[in-house]
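The values are calculated or read from the model by the stated rules, or taken from the named source; none is laboratory data. Note that the structure is predicted; figures quoted are calculated from it, not measured. Counting neighbours? That spans all protein chains shown, and the Cβs are built from the backbone with ideal geometry, glycine included. Side chains are part of the model used for accessible areas, which takes the heavy atoms of the whole protein and leaves out ligands, DNA and RNA. Shrake-Rupley method; radii C 1.70, N 1.55, O 1.52, S 1.80 Å.
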Amino acid sequence: MTGPDRPFWQRLFEQNITPWDRGSASPQLLAWLESGTLSPCRILVPGCGNGYEVLALAAAGFEVTALDYAPAAVERVAAQLRAADLRGSVLQADVREWTPDDGLFDAIYEQTCLCALHPDDWMSYAARLHAWLRPGGRLFALFMQTLKDGAAQGLIQGPPYHCDIHAMRALFPASRWDWPAPPFAHVPHPLGIFEIGILLQPKPAA
Ligand SMILES: C[S@@+](CC[C@H](N)C(=O)[O-])C[C@H]1O[C@@H](n2cnc3c(N)ncnc32)[C@H](O)[C@@H]1O
């Protein structure tokens, strides 16, 4: 497989090199929760990292499943849930291979897992996101905006890989996903870049 691998991410967690980390749950997740746009349901958090959002969702009464393939991330999030006496399932799994064995999800909170995957993997990952949602389910997506200079020469640079809105439209085409009208939420990121927050809904297969 192309791009960063499990040892790459594991090393970052072991060395506490996690510059993407906000240190608390994303303001966009909190806005979706406070507005009632996202309310307690069965939710998946792929590429959960240090899991601030997993903790916030569990505390808000969601039935959370968190995935990460770095063992250090999984151990941290599981330990934090235990310490806070919160329920949640934290699985060590590769999002490019994982299949849920206990049913589909009402919602997926995709915060910067896509931008951690090499673009070669994006199409199959997008198909998986679609397949993991039950009919009527929803994808709460934070797409990382980090256009790099090398793009002008056609270089693929990351992680984080730039999740250009045109690429996102191709990956989540309107034939398969309902899109809201722009402008989308602009969510500042500690790296000095930003994410766009978009709520997508899969359409049933034709
Ligand atoms: C940029 S971090 C984002 C973490 C978290 N979502 C956040 O916003 O703080 C990307 C995370 O995805 C995980 N990851 C990367 N590739 C993965 C894969 N193929 N399967 C599962 N997790 C993966 C990494 O271990 C890392 O925790």
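Here are some notes:
- Global geometry of segment 40-89, whether rounded, prolate or oblate, following the gyration tensor of its Cα atoms and the 1.5 cut on a/c: oblate
- Across segment 167-206, Cα pairs under 8 Å and at least six residues apart give a relative contact order of 43 percent.
- For segment 30-124, averaging the sequence separation of C-alpha pairs within contact (under 8 Å, six or more residues apart) and dividing by the residue count gives a relative contact order of 32 percent.
- A simple charge model with +1 on the Cβ of Lys and Arg, -1 on the Cβ of Asp and Glu and nothing else charged puts the dipole of the chain at about 260 debye relative to its Cα centre.
- Stretchable slack from Gln15 to Ser89, in nm (0.36 nm times residue separation minus alpha-carbon distance): 24.2 nm
- Cα centroid of segment 12-34 to Cα centroid of segment 103-142, whole Å: 18
- Dimensions of the chain along the principal axes, based on C-alpha atoms and rounded to the nearest Å, stand at 50, 44, 31, largest first.
- Rounded to the nearest 10 Å², the accessible area of Met144 at probe 1.4 Å: 0
- The radius of gyration of the Cα set in segment 77-192, together with its Dmax, comes out at 15.9, 50 angstrom.
- Dividing the mean sequence gap of close Cα pairs (under 8 Å, 6+ apart) by how many residues segment 115-206 holds gives a relative contact order of 39 percent.
- Cα pair distances in segment 97-141, grouped into 10 Å bins until the bin that holds the longest one, percent each: 26, 58, 16
- Radius of gyration and Dmax over the Cα atoms of segment 1-79, both given in Å: 13.5, 40
- Relative frequency of Cα-Cα separations exceeding 18 Å in segment 56-131, percent: 44
- Applying 0.36 nm per residue to the separation of Ser175 and Asp5 and subtracting their alpha-carbon distance, the gain on full extension is 58.0 nm.
- Legend: calculated FRET efficiency, Glu34 to Arg96, from the Cβ-Cβ distance at R0 = 35 Å, rounded to 0.05, equals 0.60.
- Per residue Cα convex hull volume in Å³ - calculated over segment 129-187: 118
- Surface per residue (accessible, 1.4 Å probe) for segment 1-106, Å²: 48
- Counting only protein heavy atoms and a probe of 1.4 Å, the accessible surface of the chain is 54% carbon and sulfur.
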